[in-house]
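One structure below.
The values are calculated or read from the model by the stated rules, or taken from the named source; none is laboratory data. The structure presented is a predicted model; accordingly, all values stated were derived computationally and were not measured. Quick reminder, even Gly has a Cβ in these numbers, built from the backbone with ideal geometry, and neighbours come from all protein chains shown. Remember, those area values only see protein heavy atoms, side chains included, never the ligands or the DNA or RNA. Shrake-Rupley method; radii C 1.70, N 1.55, O 1.52, S 1.80 Å.
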Amino acid sequence: MGRNTRLLVSTVVLTAIVAYALLVPWLAGVDDRLTDFADARLAPSAEHWFGTDNAGRDLFVRVAAGLRVSLFIAAVCAVASTVLGVGIGMAAATFGGWTDRIVMRAVDGVNALPHLLLGIVIVALFRGSIPAIIASIALTHWTQVARIARSEVLGVRGREYIDAAHLAGAGRWHVMRHHLAPAAAGQALIAVVLLLPHAIWHETTLSFLGLGLPPHQPSLGTLLQEARSTLLLGGWWTLLFPSLLLVAATLAVAGIGAALRDRISPPTLERTPR
């Protein structure tokens, strides 16, 4: 598949997924938390396209609501991680010296910790809180972005127009805002896109382990956690449809990220955040 075709297919798939997540709960006009045990564990049909769960809730609506929450958390985490990483990386490269050394040691220290374990510790302190989930992901995924932003800034810091700006009386913050930040903008865009699937999977993992959102709050993770008990009773659809949406969203975002990386990033900087 060519680069343009991959980008087009990924964009169409992601657009369809986002439209499904945003429009279906709104058009359905029902509370996805309401239970109806008379309709519990119904297989997919014309009335319930994705079937129903253990409590009789329509999974077509509930999966859309859960996907919307997961995508929102992932988007906020990706933007927060990128802003944090780009800011720290630019500061390290701009000021250099001890600032650079301290920042790089901090990056090494964060990278040495298991990200999932650190995320579990943060979420466990504020269980069931969306801000805690966002913080647990954002605070563990900024390091690679910081390294890439630092590398970009170091590559342009010695250019003639940077020296000319300093000779003209521009301060460090002026140069950082108007000359160095644009140099890292392309990598920042790639980082946001490539961090999205990582954030989706981390949120899903935390909620699946019972440490993320509460059971009544739908997300892909909580839906997969609920599917464990239903699966033993033959409710295969409760696992299938959330899993398909999770994989489809991940592949679509990864496809867009790879296409953007090929267009923007030089081969030597083609690195993805962990």
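Being touching a Pro at 6+ places or on another chain (Cβ under 9 Å), modelled with pLDDT under 85, buried (at least 17 other Cβ atoms within 10 Å of the Cβ) and among the aliphatic types (A, V, I, L, M) is the requirement here; does Ala191 meet it? Walk me through it before giving the result.
Values: touching a Pro at 6+ places or on another chain (Cβ under 9 Å): yes; modelled with pLDDT under 85: yes; buried (at least 17 other Cβ atoms within 10 Å of the Cβ): yes; among the aliphatic types (A, V, I, L, M): yes.
Here the answer is yes, as Ala191 does meet what is asked.
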Problem - Number of positions in the stretch 86-123 that are small (Gly, Ala, Ser) and either at pLDDT 90 or above or in contact with a Leu (Cβ under 8 Å, 6 or more places away or on another chain) (or both) - result: 2
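Which helices (runs of 4 or more DSSP H) sit wholly inside the stretch 156-250 and have at least 2 residues that are within 29 Å of Val123 (Cβ to Cβ)?
Numbers: elements: 160-167, 172-175, 181-208, 220-231.
Ranges flagged: 181-208, 220-231.
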Exercise for the section: Hey, can you tell me all the residues within the stretch 238-264 that are open to solvent by less than 40 Å² (accessible area, probe 1.4 Å), among the β-branched types (Val, Ile, Thr) and within 17 Å of the chain's Cα centre (by Cα)? Expected result: Thr250, Val253, Ile256
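Let's see how each residue does on (1) polar (S, T, N, Q); (2) over 30 Å from Arg159 (Cα atoms); (3) surrounded by 14 or more Cβ atoms within 10 Å (Cβ to Cβ):
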{"position": "Ala55", "(1), (2), (3)": "no, yes, yes"}
{"position": "Val63", "(1), (2), (3)": "no, yes, yes"}
{"position": "Gly66", "(1), (2), (3)": "no, yes, yes"}
{"position": "Val79", "(1), (2), (3)": "no, no, yes"}
{"position": "Thr82", "(1), (2), (3)": "yes, no, yes"}
{"position": "Ile88", "(1), (2), (3)": "no, no, yes"}
{"position": "Ala93", "(1), (2), (3)": "no, no, yes"}
{"position": "Trp98", "(1), (2), (3)": "no, no, no"}
{"position": "Ile102", "(1), (2), (3)": "no, no, no"}
Fill in the blank from the handout: If we ask which residues in the stretch 110-143 are open to solvent by 60 Å² or more (accessible area, probe 1.4 Å) and β-branched (Val, Ile, Thr), their number turns out to be 1
Practice task
Taking Thr15 as meeting all but one of (1) out of contact with any helix residue (DSSP H, G or I) (no Cβ under 8 Å at 6 or more places or on another chain); (2) open to solvent by less than 40 Å² (accessible area, probe 1.4 Å); (3) under 18 Å from Ala254 (Cα atoms), write down the number of the exception.
Solution key: (2)
Fill in the blank from the handout: Counting only residues in the stretch 196-233 that are touching a Lys or Arg at 6+ places or on another chain (Cβ under 8 Å) and open to solvent by 40 Å² or more (accessible area, probe 1.4 Å), the one modelled with the highest pLDDT is identified as His198
